[in-house]
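Working notes, structure below.
What follows is calculated from the coordinates using simple rules that are stated; it is not laboratory data. The model shown is predicted, which means the values in this text are computed figures rather than measured ones. Cβ coordinates were reconstructed from backbone atoms using ideal geometry, including for glycine residues, and neighbour counts include every protein chain displayed.
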């Protein structure tokens, strides 16, 4: 690439020569960053596509998540069209749920539902919730990059003018200038560790803007891959939009990662620059006693997850007043229920059983004093799968239990949480888990993985 840059053919003149030279310099910089730094590593997150296939249930859950989020990052993608203005096609928004966890939403503008449909209005309401003037939205540049997206009627130019956008690009440049003044070196100095990285010494003018890739490289010492900049982001990244072969799935995943990483890298800067500090949310602990848990088959956490899953009996539906009463009886007076009458003579085996039963109820009371509840979960989630997913989302729990309603035949999941101060943060992090949509998403990902592995073995 360096040789090509130094030997541009004379046939390239004017603007075409400038463009060719610019593209070679970009490739050279990409190669330098890729060979110098490790690939960019995002913090834990989940990702959702927003398009015509997104269910109303999912959109309602997402709306609840963004309502409780205090900070957002935003980026966009456009595609080039010959001799025309660039076409806006993607909006990526990141909702920061906790200090190190977030949810990414990729709005596929070319695959939105028809206007005036319920789904379209829910997506529009979601945007309105995010563009609340009281919540800062961090962007790498100016708010003007969103103006072309007004044509999709999800928001107006007036909304954009009232939204609290914060230009992280300017904040980064200002902080870099403050923290990296010019260092004057002397010939006699033997300390070469303090290489000057002021803007002048690294080749940036005082008025030149920092690209996100440059900022990630110099500040985070990581390589933010930008080779997909000119890709067609309008093809439909969500695998649910169309039937795809393995190569098409891989290409779309690559573009998805590219789009998400711009927001995820801004999150890293917000933390490193100490612009945001999201402490774990403290909440009022719940006093609900889980009498609706099937006590006979409750499964405490054990070190051996290879044990077979026990069958769970269906539970009757309980009205709110009756349910509260049952909770009180079950946990406030468990000892009186199990205490033998004085005139009864019990064998040592019977006394042992009663003692064990009392200890078990006390343990369950302690395990489920603070809990997360997931209603109408997909029946295909096993206890083992549920535990693995909770661990992937860094949820610290005592025990999990699933009960089935005898009238509606729906399944409800109860998760006993160890730290009650994290319940709200956990709730936001997991609010879209264990639904049928979630199961199908996992299943689809596993099929793609097995298909890829099978294809690799064949070759």
Report the extension gain between residue 250 and residue 277 in nm, rounded to one decimal, defined as 0.36 nm multiplied by the number of residues separating them, less their alpha carbon distance. 6.2 nm
Stretchable slack from residue 231 to residue 160, in nm (0.36 nm times residue separation minus alpha-carbon distance): 22.9 nm
Distance between modelled label sites at residue 178 and residue 100, nm, 7 Å Cα→Cβ extension: 2.6
What nm value, rounded to one decimal, do you get for the distance between residue 195 and residue 207 when each label is placed 7 Å out toward the C-beta? 2.9
Sorting 371, 174, 199 on the 10 Å Cβ count, fewest up front, what's the list? 174, 199, 371
Compute the distance in nm between two label points, each set 7 Å from the Cα along the Cα-to-Cβ direction, one at residue 79 and one at residue 443. 3.1
